[in-house]
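Only one structure is covered here, and it is reproduced in the block below.
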Amino acid sequence: MTSKCSIAVGAAALTLTIVLAPVRSKAADDGADQRFEQALTDCTPEEVEMASVIATCLMEKEKEYGKELEQLYQRLLKGTPAPKVAVLRRQQRNWLKYQKQHCDSFYYLHENEGWGPPRLSSARCLLRTTLQRIEELRCLLTEAPTGAVC
């Protein structure tokens, strides 16, 4: 049975997801999509169909990509003029909040389906959003010096 509290939390997260959804370029989406599809292929061999096993694998992939994300973020911080560092830090903190709320909403949408499906849904979301953010930061690293918009 779903509690009123978990429904409210899920609804709030879903609302924030819609309102805070970032705008990305087509090229960034293509790069993230390719890496996402490869991770799904790696984590879903034909003999494994258990949602919890696939979710665990996707979470491991997300951790690996999370390290790449952190390295890109640190490089971007080092190359950003001092007055704009605070803006970049605030942007990253807001993105992390967005990612958590967005992916938690996927978990709450499937929480009545047992343990595996909510984890899988959330893991897919975390991996996809991490890969998208990597592409966004790459774009900022390559475009920031010229002043172009990613």
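The values are calculated or read from the model by the stated rules, or taken from the named source; none is laboratory data. Owing to the predicted nature of the structure, the values given are computational and were not obtained by experimental measurement. With ideal geometry, Cβ positions are generated from the backbone for all residues, glycine too; neighbour counts draw on all protein chains shown.
If the requirement is being hydroxyl-bearing (Ser, Thr, Tyr), over 25 Å from residue 44 (Cβ atoms) and surrounded by 12 or more Cβ atoms within 10 Å (Cβ to Cβ), which of these qualifies: 107, 98? Explain how you work it out, then say what you get.
Working: 107 fails: over 25 Å from residue 44 (Cβ atoms).
Being hydroxyl-bearing (Ser, Thr, Tyr), over 25 Å from residue 44 (Cβ atoms) and surrounded by 12 or more Cβ atoms within 10 Å (Cβ to Cβ) holds for just one of 107, 98, which is 98.
Got a sec? Which of 119, 133 is assigned to a helix (DSSP H, G or I), among the charged types (D, E, K, R) and at pLDDT below 95? Spell out how you get there, then give the answer.
Values: 133 fails: at pLDDT below 95.
Answer to the check: 119.
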